[in-house]
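Asker: Below are the structure tokens for one structure; questions will follow.
Laboratory data are not the source of any read-out in this text; all were calculated from the coordinates shown. Keep in mind the model is a prediction, meaning the values are calculated, not measured. We place every Cβ from the backbone using ideal geometry, glycine too, and count neighbours over all the protein chains shown.
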Amino acid sequence: MLILASQSLRRSEILQQAGIPFVAKNANVDETAQPKEDAETYVKRVAELKVMAVEAGPDDVVLGADTVVVIDGRILGKPADKEEAVAMLKAISGRKHEVITGICLKRGQHMTLDWAVTLVWFMDLTDGEIQDYVASGEPRDKAGAYAIQGLASKFVEKIEGSYSNVVGLPVELVYKHLRGEFGRR
């Protein structure tokens, strides 16, 4: 059985759409970045914490994931409030940024950590567009204060890499590991 260590509706939808059966379990962990921690280390560490936070049987495969947006080396997680969402959107307006998702898969004592990076180019946004988008409420629980699959889709000029990674789970990377060392076909 695959256990998704997350209550994220987006991650659940990605697995469902790919036809990968799973059950979701909540993983309450501290997602605070450590001082001087780079984005790849951070997302892999949080993904591992999520995996370790849920109970699983010896044959279960547990999947944890964490996603951040990175611009100029700065990690943008989920905005704490509307002001932070506005600041994040202003930072990525008219610019290229990275979306990095760390994944952790574990069965018994075997554990794998990996990550995916997708480049995303945003168009220049006006202050009015930013204010309207923040007022929609969509940025509230999204890394980098936007949902590529939602209202913010109109702001994205192009992406390079995994689309599902930007949504919150690089499903092709997860599946590669599931069919490989975790033996699911």
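Asker: Where a ≥ b ≥ c are the square roots of the eigenvalues of the C-alpha gyration tensor, would you call the stretch 52-111 rounded, which needs a/c under 1.5, or, failing that, prolate if a/b is larger than b/c, or oblate?
Answerer: Details: a/c = 5.11, a/b = 2.63, b/c = 1.94.
Note, shape of the stretch 52-111 comes out prolate.
Asker: Could I ask something else about it? What share of the DSSP beta bridges in the chain is antiparallel, in percent to the nearest 5? Display every interim value, and only then the final one.
Answerer: On the way: 28 of 34 bridges.
Antiparallel: roughly 80 percent of the beta bridges in the chain.
Asker: Another question, if that's okay. Have a look at A85, V29, G108 and report the one farthest towards the positive end of the charge dipole of the chain, computed about the Cα centre with Cβ charges (Lys/Arg +1, Asp/Glu -1).
Answerer: Result: G108.
Asker: Something else now. In bins 10 Å wide, starting from 0, what share of all Cα pairs of the stretch 137-177 does each bin hold, as a percent?
Answerer: Going from the shortest bin to the longest, the percentages are 27, 51, 20, 2.
Asker: Taking the Cα centre of the chain as origin and charging only Cβ (+1 Lys, Arg; -1 Asp, Glu), how large is the dipole, in debye to the nearest 20?
Answerer: Numbers: 23 positive and 27 negative charges, 109 e Å.
My answer is approximately 520 debye.
Asker: Let me ask something else. Put one equal scatterer on each alpha carbon of the chain, apply the Debye formula with no solvent term, and list log10 I(q)/I(0) at q = 0.09 1/Å to two decimals.
Answerer: So the normalised log intensities are -0.31.
Asker: Set Lys and Arg Cβ to +1 and Asp and Glu Cβ to -1, take the dipole of the stretch 2-179 about its Cα centre, and tell me which of S164, V70, V174 lies farthest positive.
Answerer: Most positive-ward Cα: V174.
Asker: Using a Cα-Cα cut-off of under 23 Å, which lysines could be cross-linked to K25, ignoring same-chain neighbours fewer than 8 residues away?
Answerer: Cross-link targets: K44, K50, K78, K106, K142, K176.
Asker: With the contact rule set at Cα under 8 Å and sequence spacing of 6 or more, what percent relative contact order holds for the stretch 2-179?
Answerer: Relative contact order here is 23 percent.
Asker: Under the definition of Cα pairs under 8 Å and six or more residues apart, what whole-number percent is the relative contact order of the stretch 35-97?
Answerer: Relative contact order, the stretch 35-97: 28 percent.
Asker: At 222 nm, what value in deg cm²/dmol follows for the chain if DSSP H runs of at least 4 each add -39500 (n - 2.57) and the sum is divided by all its residues, to the nearest 500?
Answerer: -9000 deg cm²/dmol
Asker: After finding the eigenvalues of the alpha carbon gyration tensor for the stretch 14-54, what semi-axes result from the square roots of 5 times each, listed largest first in whole Å? Kindly include the intermediate steps, with their values, before the conclusion.
Answerer: Numbers: eigenvalues 125, 35, 9 Å².
For the stretch 14-54, the ellipsoid semi-axes come out as 25, 13, 7 Å.
Asker: Tell me, in nm to one decimal, what length is gained between D38 and S136 on full extension, where the rule is 0.36 nm per residue of separation less the Cα-Cα distance?
Answerer: Between D38 and S136, full extension yields an extra 32.2 nm.
Asker: Here's a follow-up. Taking the Cα of A87, stepping 7 Å toward and past its beta carbon, and measuring to each backbone N in the stretch 122-149: which are under 15 Å?
Answerer: From the stretch 122-149, the list is 144-145.
Asker: Tell me, what is the FRET efficiency for N28 and D124 to the nearest 0.05, using R0 = 25 angstrom and their Cβ-Cβ distance as r? Please list the in-between numbers first.
Answerer: Details: r = 38 Å, r/R0 = 1.54.
Given R0 = 25 Å and the Cβ-Cβ separation, E is 0.05.
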